[in-house]
Structures are given as structure tokens and as C-alpha cells.
1. Counting Lys and Arg as +1 and Asp and Glu as -1, each charge on the Cβ, what is the dipole of segment 154-257 about the Cα centre in debye, to the nearest 20?
2. Which angle from 0 to 90°, rounded to the nearest 10, does the C-alpha axis of helix 18-29 make with the longest principal axis of the chain?
3. Suppose we flag GluC sites (Glu not before Pro) only when DSSP calls them loop and at most 10 other Cβ atoms lie within 10 Å. Which is the longest uninterrupted stretch of the chain?
4. Can you list residues from other chains, or at least 5 along the same chain, whose modelled amide H is less than 5 Å from the amide H of His156?
5. Return one number: the angle in degrees, 0 to 90 and rounded to the nearest 10, between the long axis of the Cα atoms of helix 78-92 and the longest principal axis of the Cα atoms of the chain.
6. Roughly what percent of Cα-Cα pairs across the chain reach past 38 Å?
7. Round to the nearest 0.05 the FRET efficiency obtained for Arg93 and Asn142 when R0 = 35 Å and r is the Cβ-Cβ distance.
8. How many angstrom lie between the C-alpha centres of segment 271-331 and segment 31-67?
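Nothing in this text is a laboratory measurement; each read-out follows from the coordinates by a stated rule. All of these numbers come straight from a predicted model, not from anything done at the bench. Positions of Cβ are backbone-derived with ideal geometry, glycine not excepted, and every protein chain shown enters the neighbour counts.
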Amino acid sequence: MAEVTAETVDVLIVGAGPTGLACGIEAQRAGLKLLLLEKGCLVNSLFHYPANMTFFTTRERLEIGDVPFASVNVKPTRAEALEYYRRVADHYRLPIRYQERVLAIRASDGVFSVTAERSGGRQETYTSRRVIVATGYYDRANMLNIPGEDLPKVSHYALEGHAFYGRKVAVIGGANSAAVTSLDLYRHGAEVTLIYRGKELSRHIKYWIRPDLENRIKENSIRALFESQVTEIAWDWITVQTGAGERLRLENDFVFALTGYHPDVDLLRQAGVEVDPQSYRPACDLTTLESNVPGLYLAGVVISGRHTNEIFIENGRFHGKLIIDDIRRKL
Ligand SMILES: Cc1cc2nc3c(=O)[nH]c(=O)nc-3n(C[C@H](O)[C@H](O)[C@H](O)COP(=O)(O)OP(=O)(O)OC[C@H]3O[C@@H](n4cnc5c(N)ncnc54)[C@H](O)[C@@H]3O)c2cc1C
């Protein structure tokens with residue numbers, strides 16, 4: 001790994017997810033001095049996805065930096081993707097500092113000072129001429145804001161199905177995560193109730209997953225309550241308000257609240273980026289990805305605010321080129 005010095009870098013990238021890495025590769029190709037700060041490990045969000053997950057996307061659409069993604073499966077597993085991005089980081093020898101969470105970004109006289117906290121609590125300040133924020137969304141779950149949501153029997157993230165064998169589990173949500181998790185839990189012997197406020201399953205569910213779930217619902221292997229909302233969670237039960245006006249009390253051992261995630265807009269606002277209070281979309285020129293703060297760029301799914309189904313690895317991986325082209329023009 002290249003040595004990081006106290007000297008000002010040209011580009012500091014916050015987040016070493018697929019998008020941050022793609023930005024780093026473009027910066028390196030442009031001969032810019034760069035640094036990536038990552039609060040966890042390499043592609044930290046992917047590392048925290050369910051252990052046995054398979055990506056929805058075919059491998060070539062997850063490629064960055066022209067490094068071919070060879071995998072046994074056309075749609076790679078999490079393990080294959082982690083291995084791939086490790087190989088990319090090796091190949092480009094990107095200067096990444098791990099376990100450094102960026103707390104604040106301040107612009108002054110055309111230079112940014114970026115404060116990060118290391119795992120021991122020590123703070124470090126870096127200076128950079130340009131900053132790219134590629135922090136994703138996976139840390140911030142959309143909360144239900146109902147009583148009992150803070151109980152340890154509630155997870156906003158999918159977990160391995162085996163632990164739920166023989167248990168009564170509720171899955172809240174109607175999109176891909178809820179669909180895949182319900183099927184996985186059912187196949188690991190859990191008694192699954194899927195609860196969704198929509199009239200029917202989301203149209204965003206992948207076409208090869210939907211029929212499987214629909215058929216499990218039809219044959220009553222998975223119980224589904226549509227137009228329904230969980231209103232309270234207790235240790236042994238949950239209450240559900242149904243569209244038909246009924247109030248059900250269901251025995252329950254565990255709840256998966258898979259209602260999506262949203263970006264960390266506090267960091268953006270602190271840096272001076274205007275963020276729409278409803279959609280959480282940050283102000284950003286979509287042709288250059290520069291925010292309303294000159295020299296501060298946004299990349300990846302952070303751009304889409306709450307509409308996280310607009311940007312994926314598939315399209316976010318091209319943001320680096322747009323940004324670095326603009327930085328080169330302006331530097
Ligand atoms: C279960 C699941 C399956 C998915 N399957 C697919 C798929 O098949 N195909 C597809 O294209 N997309 C898929 N996605 C979506 C995709 O993973 C995300 O859109 C993608 O990870 C976004 O990339 P990113 O680099 O913008 O953000 P992330 O991958 O989330 O990377 C952001 C990085 O920033 C770091 N970070 C955050 N805050 C800070 C901070 N303050 N300081 C320092 N570092 C910070 C994080 O630790 C993380 O490493 C899936 C998502 C989920 C949840």
C-alpha cells in the first residue's frame with residue numbers, strides 16, 4: 001500500500017465500497033494523489049450481507065477497473081464478490097485506511113479538512129483538494145417507530161436461516177430482501193408470516209424470485225398478510241393491523257423488519273450539502289456529480305437518498321469516471 005503522508009492529497013474518498021473503489025481507480029489512472037478512508041473493512045457493506053447470499057446481478061456488471069470477474073456462478077455469491085474486490089484492491093494497490101470513520105468534512109479556502117476517528121477513538125485530520133463521499137446506505141435502517149422495535153428479537157438485517165428452525169418468525173416488508181429472507185427462513189424450517197403494507201408484493205422483486213414466493217404463499221407454506229402493518233412487538237407476540245380492519249395478535253419469536261435503508265445525510269449536511277428533508281436526495285449536478293459545495297462530489301447509492309432502488313453497484317460503478325473527468329477539468 002502506498003504511504004500516506006501528512007501532505008494534502010488531491011482526492012480523498014470516503015468509503016471503500018464498490019463505488020469508492022471505482023472512484024479510487026479512476027483517480028489513480030488520472031495520476032492524482034489519493035486516499036480512501038473506510039470505517040470498516042474492504043467493501044464493508046457487502047461483507048455484512050447474509051453469509052450465503054447470491055447477487056441478483058451477473059458478475060460482469062459488478063466489475064470495476066476493467067478487472068475481469070471470473071466466478072463459478074454467473075450470479076456470484078457474496079464470498080466470490082468479496083474475493084473479487086480484494087483482487088481489484090490488490091491489483092491497483094489503492095491507498096486505503098481501514099477502521100477510520102469520517103466524522104466531519106469542512107471546506108475552507110479551496111481545501112477540505114476531513115476528520116476521521118480510528119477504532120481506538122483517536123482522531124486524525126486529513127487535508128484534500130477534493131472530496132468524494134461514497135458512503136452507501138447500509139448502516140441506516142428505515143425504522144418502523146413502533147413499540148418493541150428496540151427488543152433484541154428484532155433485526156433490520158437478514159440473518160442465517162438455521163438459527164430460526166422451528167421458530168415463529170415475522171418478516172416485515174414486500175421487496176427483494178423480504179422475499180429472499182422469507183423463502184430462506186421457510187427452507188430452514190421456520191414458521192414464516194410475511195407482513196406487508198402494500199396490496200401485493202413489490203413490482204421490484206426479481207422475476208425469478210417472485211413465482212417461488214407466490215407459490216409458497218398459495219400453498220400456505222408461508223403466510224402472507226397484505227395491506228397490514230405491525231403495530232407493536234413484544235417478547236412473545238406481535239400485533240398486526242390488517243387492511244380488513246382486524247387487529248391480530250400473533251405468537252412470535254423473532255421479527256425481521258426489512259423495510260430498507262437510507263444514506264447518512266447528517267454527514268452530508270454537516271459538510272454543507274443541501275439535502276431534501278423528504279426524499280433525502282442531496283443537491284448534486286447529475287452530469288458531474290459535484291454537490292452544491294464546490295469540490296465535494298457524491299458517488300454511488302448515496303445520491304439517490306431514500307430511493308435506494310435507483311442506484312446499485314451496476315450503475316454506481318461508473319460514477320468514478322464522471323467525477324474524475326470533472327476534477328481533472330477543474331484542478
Ligand atoms: C442483500 C443485498 C443484495 C444486493 N444485491 C445487489 C446486486 O445483486 N447487484 C447490485 O448491483 N446491487 C446489489 N445490492 C445493492 C448494492 O450492494 C449497493 O447499491 C452498493 O453496495 C452500493 O455501493 P456503494 O459503494 O455506493 O455503497 P456501499 O457498498 O454501502 O459502500 C459504502 C462504504 O462506505 C463506508 N462508510 C460509510 N460511512 C462511512 C464513514 N462515515 N467513514 C468511512 N467510511 C464509511 C461503508 O463501511 C462502506 O464500506 C444489494 C444490496 C443488498 C442489501
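1. 280
2. Tilt relative to the chain: about 20 degrees.
3. 8-218
4. Residues meeting the criterion, in which the H sits 1.01 Å from N, are Ala257.
5. 0
6. 22
7. Details: r = 37 Å, r/R0 = 1.07.
Given R0 = 35 Å and the Cβ-Cβ separation, E is 0.40.
8. One Cα centre to the other: 18 Å.
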